[in-house]
Amino acid sequence: MRIRAAAAASTASAALLLALSGSPSAHADGKPVITKVVVNKGKNIVIGPSTVTKFSAQITATHPAGISTAWVHLWHGTDYDSFDRTMSYDIPTCTTSGTTATCTMNFQVEADTRDMSNVVSNRHAGTWHIAAFAASKDRAQTTVYDYATTKVQRASKLTVNASPEPVRKGRKLTVTGALTRANWNTRAWAGYSGQSVKLQYRPKNSSTYTTLKTLTTSSTGKLSTTVTATADGYYRYAFAGTSTTPAATASGDYIDIT
């Protein structure tokens with residue numbers, strides 16, 4: 001997964017970090033207060049195998065002298081001093097109201113192993129940490145290296161097909177499907193093996209699905225089972241998700257009972 005940002009923005013971001021890290025603080029006991037950080041509107045960051053994923057982050061901070069800038073930094077690893085991956089961002093754009101400012105950074109991410117200096121492999125899926133920084137107009141600073149966490153996940157898809165159709169009442173239906181997720185190393189979809197998936201059904205004139213049984217995906221992510229046809233309705237598979245992969249639900253497949 002290559003983390004991209006415009007070259008000028010990345011250079012400016014690095015310069016901003018260096019400048020603030022060496023700036024003296026005029027308020028030893030009056031540093032900026034970071035009041036809110038939101039990454040990707042509070043949702044997990046879900047990345048497909050080949051398309052670019054764009055998202056933003058907002059940080060709000062306040063200080064009596066006003067805020068000159070604030071930004072967030074996403075990193076993966078056990079601690080900030082030895083993180084193994086980070087995400088680049090554009091220069092923050094800030095909106096100020098009195099002594100408070102809200103700053104926005106834009107990110108864009110894609111799976112890609114061609115640039116070895118910016119590779120994020122499948123093992124980087126899961127928990128990422130959010131570092132938060134703020135600087136006041138009189139150069140007081142606040143740094144929180146592990147302000148909160150977010151999830152960076154491999155996109156998932158789930159399919160279903162019930163057959164034969166139409167089918168006589170009381171006969172057997174075969175319901176097949178497949179659970180796949182993004183493989184960032186190969187930039188392709190791949191079967192997600194060993195996962196619990198629910199087979200669900202809802203009658204034609206109902207809006208509520210009920211679970212008929214729980215299956216485990218095969219080594220290639222495939223699903224297959226049989227049920228008895230009882231009435232017109234929809235069959236679907238539903239996957240609850242994991243820490244590295246979001247939940248997925250197949251669109252219901254309608255079966256006509258004759």
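The values are calculated or read from the model by the stated rules, or taken from the named source; none is laboratory data. Being a predicted model, the structure only gives us computed values, none of them experimental. Neighbour counts run over all protein chains shown; Cβ positions are idealised from the backbone, glycine included. These area figures cover heavy atoms from the full protein model, side chains too; ligands, DNA and RNA do not enter into them. Shrake-Rupley method; radii C 1.70, N 1.55, O 1.52, S 1.80 Å.
Only residues that are closer than 30 Å to ALA111 by Cα, surrounded by fewer than 20 Cβ atoms within 10 Å (Cβ to Cβ) and not basic (Lys, Arg) were counted across segment 196-214, and they come to 1. Comparison of THR95, THR99, THR104, THR60 shows that the only residue that is over 30 Å from LEU179 (Cβ atoms), among the β-branched types (Val, Ile, Thr) and buried (at least 19 other Cβ atoms within 10 Å of the Cβ) is THR60. Inspect all residues belonging to segment 215-232 and state whether any of them is in contact with a Leu (Cβ under 9 Å, 6 or more places away or on another chain) and on the phi > 0 side of the Ramachandran plot. So far as segment 215-232 goes, yes, one or more of its residues are in contact with a Leu (Cβ under 9 Å, 6 or more places away or on another chain) and on the phi > 0 side of the Ramachandran plot. Do you know which residues across segment 48-57 are open to solvent by less than 40 Å² (accessible area, probe 1.4 Å) and either basic (Lys, Arg) or touching a Lys or Arg at 6+ places or on another chain (Cβ under 7 Å) (or both)? Selection gives PRO49 alone.
Filtered by the rule that a residue be open to solvent by 80 Å² or more (accessible area, probe 1.4 Å) and hydrophobic (A, V, I, L, M, F, W, C), segment 166-195 gives a lone residue, TRP189.
The condition of being open to solvent by 20 Å² or more (accessible area, probe 1.4 Å) and either more than 30 Å from ASN183 (Cβ to Cβ) or in contact (Cβ under 8 Å) with a residue 24 or more places away in the chain (or both) holds for only one of ILE34, ILE67, ILE130, that being ILE34.
Given the options SER224, SER193, name the one that is out of contact with any strand residue (DSSP E or B) (no Cβ under 6 Å at 6 or more places or on another chain) and free of Cβ contacts under 8 Å to residues at least 60 places away in the same chain.
SER193
Within the option set ALA101, ALA61, ALA70, being modelled with pLDDT of 85 or more and in contact with a Gly (Cβ under 8 Å, 6 or more places away or on another chain) holds for one residue only, ALA101. When the residues of segment 219-240 are filtered to those that are surrounded by fewer than 15 Cβ atoms within 10 Å (Cβ to Cβ) and part of a loop (DSSP other than H, G, I, E, B), the one that is nearest to the chain's Cα centre (by Cα) is ALA240. Here is a check on your reading of the model: is SER88 open to solvent by less than 50 Å² (accessible area, probe 1.4 Å) and either within 21 Å of the chain's Cα centre (by Cα) or free of Cβ contacts under 8 Å to residues at least 40 places away in the same chain (or both)? Yes; evaluated as a whole, the condition is true for this residue.
It is to be established whether one or more residues within segment 87-103 are of a type in the set (Gly, Ala, Ser) and either within 30 Å of ILE255 (Cβ to Cβ) or assigned to a strand (DSSP E or B) (or both). Checked against the condition, which is being of a type in the set (Gly, Ala, Ser) and either within 30 Å of ILE255 (Cβ to Cβ) or assigned to a strand (DSSP E or B) (or both), segment 87-103 yields at least one hit.
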